[in-house]
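In what follows, a structure is listed as structure tokens, so that the remarks can point back to it.
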Amino acid sequence: MTIDFSPPSSHKADLESGSRFTPQFDSNGLITAVVTDATDGMLLMVAHMNAQALALTVETGIAHYYSRSRQKLWKKGETSGNLQTVVELRTDCDQDAVWLKVHVAGHDATCHTGRRSCFYRAVELKDGETALRSVDAEIHFHPDEIYGNN
């Protein structure tokens, strides 16, 4: 099965109110993906998808992304076992971002650091300087054991 990502009509109303999913990829061919836990709503990660990753996600129900740093397709959890099963996929009003509500398998951890969420630090002002404070120190798996010493 292939998904038609052809551009929508030029009418803004069709894009915002129509029933066709016509994702608006940026100039690099990517769309932003916001990922939350389907059960409790916790923000797990923000990633990017190209057309192939988005199509595979829709077709298989397993989250796929495009790694900008590695320049390749990436099936989330393929190495760690923390696969993300998509419960719901939404798009925003102008279809240039998607929101995935997922269940995470394995260690219930999404971040490559072994934490549940990639958003495990809070930014705060301390003595006139910005600093990071850990808000989730729990490690669900040891990254070196899963990914090796990279």
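Just so you know, the averaged projected area of the alpha carbon convex hull for the stretch 20-102 sits at 5.5 nm². Legend: ranking of residues C93, C111, C118 from fewest to most surrounding C-beta atoms inside 10 Å; resulting order C93, C118, C111. Taking the charge dipole of the stretch 26-147 about its Cα centre, with +1 at Lys and Arg Cβ atoms and -1 at Asp and Glu Cβ atoms, the residue from S117, T60, T130 reaching farthest to the positive side is T60. The long axis of helix 51-60 is offset from the longest Cα principal axis of the chain by roughly 80 degrees.
By other beta-carbon atoms within 10 Å, ranking S69, S17, S117, S80 with the fewest at the front produces S69, S17, S117, S80.
Global dimensions of the chain from alpha-carbon coordinates: Rg and Dmax equal 17.2, 57 Å. Show that you can apply the helix-only estimate: for the chain, add -39,500 (n - 2.57) for every DSSP H stretch of four or more residues, divide by all residues, and state [θ] at 222 nm to the nearest 500. It lands at -3500 deg cm²/dmol. Taking H placed 1.01 Å from N in the peptide plane, check which residues at least 5 places from L44 or on another chain put their amide H under 5 Å from its amide H. Amide H to amide H, under 5 Å and 5 or more residues apart or across chains, L44 pairs with V35, T36, D37. When the Gaussian network model of the chain links Cα atoms closer than 10 Å, the mean-square fluctuations of V135, V58, V46 top out at V135.
Readers should treat all values here as calculations from the given coordinates under stated rules, not as data from a laboratory. Just so we're clear, the structure is a prediction, and the values are computed from it rather than from any experiment. Note: ideal-geometry Cβ built from the backbone for every residue, glycine included; neighbour counts use all protein chains shown.
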